Amino acid sequence: MAKTWIRREVEIPNHMALARLEKCPELGPKVLFFSGGTALKRASARLVNYTHNSVHVITPFDSGGSSAKIRLAFNMPAVGDIRNRLMALADQSLRGNPEIFALFAHRLPTGEAQEPLRQTLDQMVRGKHPLVAGIPDPMRKIVRNHLAMFQQNMPEDFDLRGASIGNLVLAGGYLANRRHLDPVIFMFSNLVQVRGTVRPVVNKNLHLAAELADGTLVIGQHRMTGKETAKLDQPIARLFLSDEAGRPVDQPIRDKMRTLIQSAELICYPMGSFHSSVLANLLPRGVGQAVAQASCPKVYVPSTGHDPECQGLSVADQVERLATVLMADAQGISLCDVLHFVLVDTRHGQYPGGLDLARIRNLGVEVIDCPLIGYGPSTDIDDRFLVPILLSLA
C-alpha cells in the first residue's frame with residue numbers, strides 16, 4: 001500500500017465534516033490524547049458524539065487520595081484516572097450503565113469509623129447494597145467478584161475512609177487477573193460500551209519525581225499539584241520517573257502502546273496539569289519515537305488560568321519543554337516531528353505566564369488563535385468549542 005503526504009486548507013471548525021461524523025461516529029478518526037487528569041472529562045463525553053475511535057493514554061502515577069492507599073497496599077499503578085476516563089466515554093444510554101456510573105463515582109464517607117465502612121463494603125460484596133443491587137447481570141456478578149477479591153486481599157489496617165468504590169473494583173480486577181490492568185479495562189470497556197480506547201501509558205508501579213530550580217527533589221505526583229499539599233515554592237526544572245525512593249527508572253512502553261500511538265490520525269497534548277498530567281505521559285522510553293513516527297497532525301492545547309506546576313513558564317516555554325522531552329527519546333527527532341499546532345484564545349483566554357506567540361512561530365509551530373473559552377465567568381476551555389476544532393484538524 002502506497003502512502004503520500006497531502007497538504008490541504010481546513011476550515012475550523014469544519015461543520016460539514018462534523019455533520020458527517022455525527023451521523024457515523026463508529027467510523028470517526030483515531031484522535032489520541034496524552035492525558036491523565038479530569039481536565040478532559042467533559043471533552044471526552046462530547047467526543048463520543050463524533051467518534052468511537054479516540055485513544056486515551058492515561059498516567060498511572062497518581063500518588064494522592066484513594067489511589068495512594070491502594071497503591072501502597074498492593075504495589076500497583078494508580079487506577080483513578082483510568083476509571084474517570086472509562087466512565088466519561090461509556091454509553092450512558094445502555095441499560096445498567098447509569099447504575100455502574102453511580103457505583104464507580106461513589107466514595108465511602110470520610111467521617112465514619114472503620115467498622116461501619118467495612119460493613120458497607122461487605123454489603124456490596126454480598127449484593128445487598130442499593131448501589132450494587134440495582135446493577136443488572138452479568139455486570140453485578142463481575143462487580144461483586146472484583147470487590148470480593150479486593151476484600152480478601154485488603155490489609156487489616158487498610159483505611160477505607162474516602163475510598164472510591166470504582167477504584168476498589170478495578171484494583172480487585174487487577175489482582176484477579178494476575179496483576180494486569182489490560183484485561184480489567186477490556187472487560188469493563190465492553191460491559192459499559194466505552195466509545196474509545198483507554199490505556200495506561202505503562203503498566204508499572206512507578207512514581208513521578210521532579211527536581212526544582214533550587215535542586216530540591218520532590219517525589220510523588222500529589223506533591224506537585226498543590227491539591228493535597230502546599231504548592232511548590234520553586235519552579236520545576238526537570239521531571240522524571242522514579243521508584244518510591246526517588247531513584248530514576250528507565251521504563252519503556254510496550255509494543256501495543258507504540259502501535260496505538262503510531263496509528264493515530266491526530267495527536268493532542270491537551271489542557272491539564274502541565275507536568276503531572278501531560279508531560280508525565282511522555283516520559284516512558286519509546287513515546288517520543290512513536291509520536292515522531294506517527295504521520296498525523298500534532299497539536300498542543302495549553303491550559304488557561306493558573307496552573308501551580310507552571311511557575312514562570314510562558315506558553316512558548318511550555319512548547320519548548322514539551323518538545324524537548326519528546327525529542328530526548330531518540331536521536332534524529334526534530335521539533336517538527338512531534339508538534340505542529342498550538343491552540344490559543346488570545347481574546348478570552350488567560351495565560352498567566354504570557355504567550356510569546358512570535359517565539360512559538362519561530363520554532364516552526366503554527367499558532368491557531370480561535371474561540372476556546374465558553375460564555376460566562378469561567379476561564380476554562382469549553383468542550384463545545386474544543387472538540388469541533390480538534391476533529392476538523394484530524
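In what sequence, highest mean first, do 149-155, 42-48 appear when ranked by Cβ atoms within 10 angstrom?
So the order, starting with the most tightly packed, is 42-48, 149-155.
If the chain between HIS348 and ASP243 were fully stretched, how many nm would it gain, using 0.36 nm times the residue separation less the Cα-Cα distance?
Gain on stretching HIS348 to ASP243: 33.7 nm.
Modelling each spin label as a point 7 Å along the Cα-to-Cβ direction, I'd like the ASP250/LEU94 distance in nm, to one decimal.
Modelled inter-label distance: 4.2 nm.
Of LYS231/LYS256; LYS69/LYS141; LYS41/LYS141; LYS204/LYS231, which pairs sit farther than 32 Å apart, going by alpha carbon to alpha carbon?
In this structure, LYS231/LYS256 lie more than 32 Å apart at Cα.
By how many degrees, 0 to 90 and rounded to 10, does the Cα axis of helix 114-125 deviate from the longest principal axis of the chain?
Roughly 80 degrees between the two axes.
Given R₀ = 35 Å, FRET efficiency for HIS306-ASP182 by Cβ-Cβ distance, to 0.05?
0.45
Angle, helix 80-89 long axis vs. longest principal axis of the chain, Cα atoms, 0 to 90°, nearest 10?
Approximately 70 degrees, to the nearest ten.
Arranged from highest to lowest average of other beta-carbon atoms within 10 Å per residue, in what order do the peptides 81-91, 377-387 appear?
Result, highest mean first: 81-91, 377-387.
Over segment 124-248, what is the relative contact order in percent, taking alpha-carbon pairs closer than 8 angstrom and at least six residues apart?
Computed over segment 124-248, the figure is 16 percent.
Where Lys and Arg each count +1 and Asp and Glu each count -1, what net charge lies around ILE58 among other residues with Cβ under 9 Å from its Cβ?
+1
I'd like the projected area of the chain, averaged over all directions, using the convex hull of its alpha carbons. Report it in nm² with one decimal.
20.6
Report, as a whole number in µm² per second, the diffusion coefficient that Stokes-Einstein gives for segment 97-200 at 10 °C and 1.306 mPa s using the Kirkwood radius over alpha carbon pairs.
Roughly 114 µm²/s, to the nearest whole number.
If the viscosity is 1.002 mPa s and the temperature 20 °C, what translational diffusion coefficient in µm²/s does Stokes-Einstein give for segment 275-356 when Rh comes from Kirkwood over Cα pairs?
Reported coefficient: 160 µm²/s.
Give the Cα extents of segment 328-380 along the principal axes, in whole Å, largest first.
46, 21, 19
Every number here is computed from the coordinates shown, using simple stated rules; none is lab data. All values reported here derive from a predicted model rather than from experimental measurement. Don't worry about glycine lacking a Cβ; one is built from the backbone with ideal geometry, like all the others, and counts go over all protein chains shown.
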